[in-house]
Amino acid sequence: MLEQAQLVGLAGAAAAALVAEMAKVSWTSMRSMADRFFRHGGQEQKDHQLERLDADRAQVSTLDHAALQEKWSRRLLTLVEDFPEAAEDLEAMARRKPEEPQAGVNQTAEHNTGPVIQIGRDNSGGINTERK
């Protein structure tokens, strides 16, 4: 079992990652991690916390991020104190770095003199053939 100070640190780090991901396209991955974490409290608890999470995400651009992070830190800490087996999922959320690049592929072609061909599924965008 983790010490209280470790739990407080993990809850803070997990809340920071949670709030940072709210405004990103990669949100669904973090939300899945939160779903897994909140399951430890039972179905009703999970549903209630995910509703709160979704409501905060919908307003994230208008909310104070520091206050939001503190609120979620308290919620995460409370659940892991009640359900110590949730600590592993809390650690996984805390390890999630907000600055991690979003999943996907970014391809560039610079200083090329011939055509650029990109093969894959669901390609979008354009090709700029002008030289800089």
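Brief remarks follow.
- Between residue 51 and residue 78, the contour length at 0.36 nm per residue exceeds the Cα-Cα span by 8.0 nm.
- At 1.306 mPa s and 10 °C, Stokes D of region 30-81 from Kirkwood alpha-carbon radius, µm² per second: 139
- Heavy-atom surface of region 8-53, accessible at 1.4 Å and reported per residue (Å²): 44
- Among the trypsin sites (Lys or Arg not before Pro) in region 1-97, those located in a DSSP loop and surrounded by at most 16 other Cβ atoms within 10 Å of their own Cβ are 24.
- Rolled with a 1.4 Å probe across the full set of protein chains, the surface gives residue 80 an accessible area near 0 Å².
- Solvent-accessible area, 1.4 Å probe, carbon plus sulfur percent, for region 18-83: 47
- Rolling a 1.4 Å probe across all protein chains gives residue 65 an accessible area of roughly 90 Å².
- Alpha-carbon Rg with Dmax, taken over region 1-103, Å: 12.6, 37
- If you plug the beta carbon distance of residue 65 and residue 88 into 1/(1 + (r/R0)^6) with R0 = 35 Å, you get a FRET efficiency near 0.85.
The values are calculated or read from the model by the stated rules, or taken from the named source; none is laboratory data. Since the model is a prediction, treat every value here as computed from it, not as a measurement. Cβ: placed from backbone, ideal geometry, glycine included. Neighbour counts: every protein chain shown. For accessibility, only protein heavy atoms count, side chains too; no ligands or nucleic acids. Shrake-Rupley method; radii C 1.70, N 1.55, O 1.52, S 1.80 Å.
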